[in-house]
Amino acid sequence: MKNYDVRDLTLAKEGKLRIDWAGKEMPVVNLIKERFAGKSPWRECVFLPASISPRKRPIWRLALKEGGAEVVLCASNPLSTQDDVAAALVDYGIPVNAIRGEDNETYYQHIITALEHKPQITMDDGADLVSTLHKDYTDLAANVIGGTEETTTGVIRLRNMARAGKLIYPIIAVNDAQTKHFFDNRYGTGQSTIDGITRATNILWAGRKVVVCGYGWCGKGIARRAQGLGALVIVTEVQPIPALEAAMDGYQVMPLIKACEIGEVFITTTGDTTSLIRHTSCR
Ligand SMILES: NC(=O)c1ccc[n+]([C@@H]2O[C@H](COP(=O)([O-])OP(=O)(O)OC[C@H]3O[C@@H](n4cnc5c(N)ncnc54)[C@H](O)[C@@H]3O)[C@@H](O)[C@H]2O)c1
């Protein structure tokens with residue numbers, strides 16, 4: 001019986017090429033994968049990672065499989081799934097439930113389908129998966145040993161749940177690792193945001209007035225890269241220290257209402273509404 005839902009399995013060949021290419025830049029995961037081979041430390045453990053993207057994450061999923069784990073996949077964001085990579089992972093024997101651009105209903109249905117595999121470890125990126133489990137499938141939580149959460153917004157959501165006494169199992173805040181926020185958020189998202197906007201709009205950055213809202217880890221990376229391409233970067237911030245840092249890094253800093261009058265490209269890197277509420281008093 002079909003245990004996956006992806007756009008098109010014929011894309012698997014291209015997806016495998018992408019995964020192989022990404023794997024060349026991941027020597028540590030490849031070493032771990034080799035160490036797992038034949039030992040099956042994760043035998044009978046069901047992992048439910050959310051996210052089929054970026055292309056490097058599938059290497060981790062395959063390493064877990066090599067370690068004997070049953071791995072089931074859904075998306076962490078309806079827009080970030082790479083359909084070819086999803087097809088390739090199905091070919092490698094991983095049930096994937098994710099289609100790029102799926103509507104909200106399908107996105108959550110895919111999360112529910114993945115949850116039906118009764119995971120013991122969840123690996124989330126934004127906390128939609130964990131929130132769904134906590135909201136409608138609490139009976140599954142008894143089976144879960146723990147989880148991981150990748151990104152800033154997800155960590156904020158889960159910390160709120162923990163504070164309210166509503167987080168049922170322990171979750172590692174991956175974003176708290178310096179090797180995550182210092183490098184992935186700043187340099188990775190810095191590059192991929194500029195790349196994504198360029199591909200979507202084909203704009204010339206030089207001379208462009210670019211407003212970066214939020215001067216946190218991602219904001220710093222994006223601002224630096226936009227400036228490097230010749231853009232005039234304007235930063236908006238609600239906290240005084242990052243606002244001052246942005247000014248000393250050489251950007252114009254002003255309230256959003258003023259930036260709206262002159263900006264041509266607006267990039268929001270503020271996180272979710274919770275962080276907005278947390279910082280409102282600093283305006
Ligand atoms: N797609 C990816 O690859 C990726 C990777 C990392 C982070 N993220 C996401 O990017 C977002 C930012 O992450 P981060 O690590 O840079 O967070 P961060 O907490 O380091 O930075 C957010 C900044 O925004 C500021 N801010 C909050 N509300 C604001 C407002 N209304 N106006 C102006 N400034 C405001 C905060 O003061 C803070 O300095 C999060 O949603 C995170 O989950 C995405």
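The values are calculated or read from the model by the stated rules, or taken from the named source; none is laboratory data. Note that the coordinates shown come from a computational prediction; the quantities given were computed from them, not determined experimentally. Note that we place each Cβ from the backbone using ideal geometry, even for glycine, and neighbour counts take in every protein chain shown. Note: areas computed on protein heavy atoms with side chains; ligands, DNA, RNA excluded. Shrake-Rupley method; radii C 1.70, N 1.55, O 1.52, S 1.80 Å.
Side notes on the structure shown:
- Residue count, segment 25-35 (criterion: open to solvent by 80 Å² or more (accessible area, probe 1.4 Å) and either within 21 Å of GLY101 (Cα to Cα) or under 21 Å from the mean Cα position of the chain (by Cα) (or both)): 2
- Cβ-Cβ distances below 9 Å connect the following pairs, each with a first residue in segment 33-61 that is more than 26 Å from THR132 (Cβ to Cβ), a second residue that is of a type in the set (Phe, Trp, Tyr) and in a loop (DSSP other than H, G, I, E, B), and a separation of six or more residues or different chains: PHE36/TRP42.
- Residue within segment 46-65 that is touching a helix residue (DSSP H, G or I) at 6+ places or on another chain (Cβ under 8 Å), over 30 Å from LEU140 (Cβ atoms) and open to solvent by 40 Å² or more (accessible area, probe 1.4 Å) present: no
- The set of residues in segment 117-135 that are open to solvent by less than 10 Å² (accessible area, probe 1.4 Å) and not in a loop (DSSP other than H, G, I, E, B) comprises THR122, ASP124, LEU129, VAL130, LEU133.
- Test: residue in segment 237-245 that is in contact (Cβ under 8 Å) with a residue 24 or more places away in the chain, under 20 Å from the mean Cα position of the chain (by Cα) and either assigned to a loop (DSSP other than H, G, I, E, B) or away from the ligand (no atom under 13 Å from the Cβ) (or both): no
- Among the numbered conditions (1) under 24 Å from LYS65 (Cβ atoms); (2) of a type in the set (A, V, I, L, M, F, W, C); (3) buried (at least 16 other Cβ atoms within 10 Å of the Cβ), the only one that ILE145 does not meet is (3).
- Qualifying positions in segment 192-220 - assigned to a helix (DSSP H, G or I) and either touching a Leu at 6+ places or on another chain (Cβ under 6 Å) or more than 10 Å from the ligand (Cβ to nearest atom) (or both): ILE194, ASP195, ILE197, THR198, ARG199, ALA200, THR201
- Looking at ALA88, ALA114, just one residue is touching a helix residue (DSSP H, G or I) at 6+ places or on another chain (Cβ under 7 Å), assigned to a helix (DSSP H, G or I) and buried (at least 17 other Cβ atoms within 10 Å of the Cβ), and that residue is ALA88.
- Criterion violated by THR138 - all others in (1) under 30 Å from PHE47 (Cα atoms); (2) surrounded by 19 or more Cβ atoms within 10 Å (Cβ to Cβ) satisfied: (2)
- Residues being over 20 Å from GLY154 (Cα atoms), within 11 Å of the ligand (Cβ to nearest atom) and surrounded by 19 or more Cβ atoms within 10 Å (Cβ to Cβ) - total across segment 255-272: 1
- Pairing each residue of segment 167-186 that is in contact (Cβ under 8 Å) with a residue 24 or more places away in the chain with any residue that is within 13 Å of the ligand (Cβ to nearest atom) and not in a helix (DSSP H, G or I), provided the two are 6+ apart or on different chains, yields C-beta distances under 6 Å for ILE171/GLU149; ALA173/GLU149; VAL174/GLU150; ASN175/THR151.
- Residue within segment 182-198 that is over 14 Å from the mean Cα position of the chain (by Cα) and under 15 Å from GLY271 (Cα atoms) present: no
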